[in-house]
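**Q** Handing you this structure, nothing more for now.
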Amino acid sequence: MAANNRRMSGKKGAQIGSGGQRRRGLEGKGPTPPAEMRKGHKKNRIANAKSKQVQRRPVVRGRGGKGTSEMVVGRNPVVEALREGVPASTLYVQQFIDNDERVREALQLVAERGGINLMEAPRPELDRMTNGLNHQGLVLQVPPYEYAHPEDLAEAAADEGEDPLIVALDGVTDPRNLGAVVRSVSAFGGHGVVVPERRAAGMTAGAWKTSAGTAARTPVARATNLTRALEAYKKAGIVIVGLAADGEHEIADLEALGGPVVIVVGSEGKGLSRLVGETCDYRVRIPMPGGAESLNAGVAAGIVLYEAARQRA
């Protein structure tokens, strides 16, 4: 009884039973969030920077028309396209296909990305869809690319209070070069790429892959007539700078790269076409002490964009 009296006394001090307070005190705040979500963590800073870069410039698409749909055929090409984030609408899988590692990865990537239809089809149907190509049981449908209009790129720069920095391609027919240029434009803070509607590379799956995902946030505009598009840019106060092996200026000496500018890159070997060359305000050359005759469009654009970014810094 004495023990009971002590237990019921009003004295301060430890009491028998904590009412669960100690247990609650030891409970955590749930699972540790991933590094990208932990404030102050390096990965969190990187994720925030990428988010700001994506949100910084609105992607304007549609007014320049649409491209054509495309099929990516074969197990390795399909998996690589899905890894690189190439836009896709449907993955066709052959019935009774051998379920190897590439097939499993393709199905997993489709499930993770979402928004891609998964269709099973007999081999004869896939043969018909691909015109008899060796599809190996996997076919990825890539929807038509929606191009921006050349005016949209300058308007997007104006909305941000920035001088336009645009690259126009004249006669570049390799989609990988287009993808490399898109990647460089994104890396150096450019506002987009302009390509002619005819006899030029378009935004195919190959261009998407080479862009390493930057095509999702860097618009590509399509011009019915590239010369007229450049003349419209000039009327808007934008300087047109063409790359040429025999250009009158070296890139480091041209202060115009620090202002509103369109950099025109021609095809390797042929360079700028006559009408486009005559439209340019300046023709610049890239010094090459090693003696190479020319650079491909992707490399040349990257060098000039770096100089433009340096002058703007």
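**Q** In whole angstrom, note down how far apart the Cα centers of the range 239-313 and the range 133-177 are.
**A** 20 Å
**Q** Amide H of Asp174: which non-local residues (sequence gap of 5 or more, or other chain) have their own amide H closer than 5 Å, using H built in the peptide plane?
**A** Under 5 Å from the amide H of Asp174: Ala201.
**Q** Within the set of other residues whose C-beta is less than 15 Å from the C-beta of Pro196, count the net charge using Lys and Arg as +1 and Asp and Glu as -1.
**A** The answer is +2.
**Q** Something else about it: Please identify the trypsin sites (Lys or Arg not before Pro) of the range 203-304 that satisfy two criteria: DSSP loop assignment and at most 15 other Cβ atoms within 10 Å. Which are they?
**A** When the trypsin sites (Lys or Arg not before Pro) of the range 203-304 are filtered for loop state and at most 15 Cβ neighbours within 10 Å, Lys270 remain.
**Q** So, in nm, how far is label Ala187 from label Lys66 when the simple model puts each one 7 Å beyond its Cα toward the Cβ?
**A** The modelled label-to-label distance comes out at 3.3 nm.
**Q** Turning to a different aspect of this structure: Based on the Cβ-Cβ distance from Arg104 to Glu155, what FRET efficiency comes out when R0 is 41 Å, to the nearest 0.05?
**A** E between Arg104 and Glu155, to the nearest 0.05, is 0.35.
**Q** For Asp246 and Glu197 in the same chain, what is the full-extension length gain: residue separation times 0.36 nm, less their Cα-Cα distance, in nm?
**A** 14.9 nm
**Q** Please give the FRET efficiency for Asp281 paired with Arg310, using the beta carbon to beta carbon distance and R0 = 25 Å, rounded to the nearest 0.05.
**A** Step by step, r from the Cβ atoms, then E = 0.80.
**Q** Given a Förster radius of 30 Å and the C-beta distance between Ala216 and Ala256 as r, what FRET efficiency does 1/(1 + (r/R0)^6) yield to the nearest 0.05?
**A** Efficiency at R0 = 30 Å is approximately 0.50.
**Q** Sequence-distant or interchain residues sharing an amide H contact under 5 Å with Ser273, placed H: which?
**A** The list, which skips near neighbours in sequence, is empty: none.
**Q** Cut-off 11 Å, label point 7 angstrom out along Cα-to-Cβ of Gln95: give me the residues of the range 102-120 whose amide nitrogen falls inside.
**A** 120
**Q** Name the long-range amide H neighbours of Glu268: under 5 Å, sequence gap of 5 or more, or other chain; modelled H, no Pro or chain starts.
**A** Answer set, sorted by chain and number: Ala297.
All of the numbers you see were taken from the coordinates with simple rules; none came from a lab. Computed from a predicted model, the values in this text were never measured in an experiment. Every residue, glycine as well, gets a Cβ built from its backbone with ideal geometry; the counts of neighbours run over all protein chains shown.
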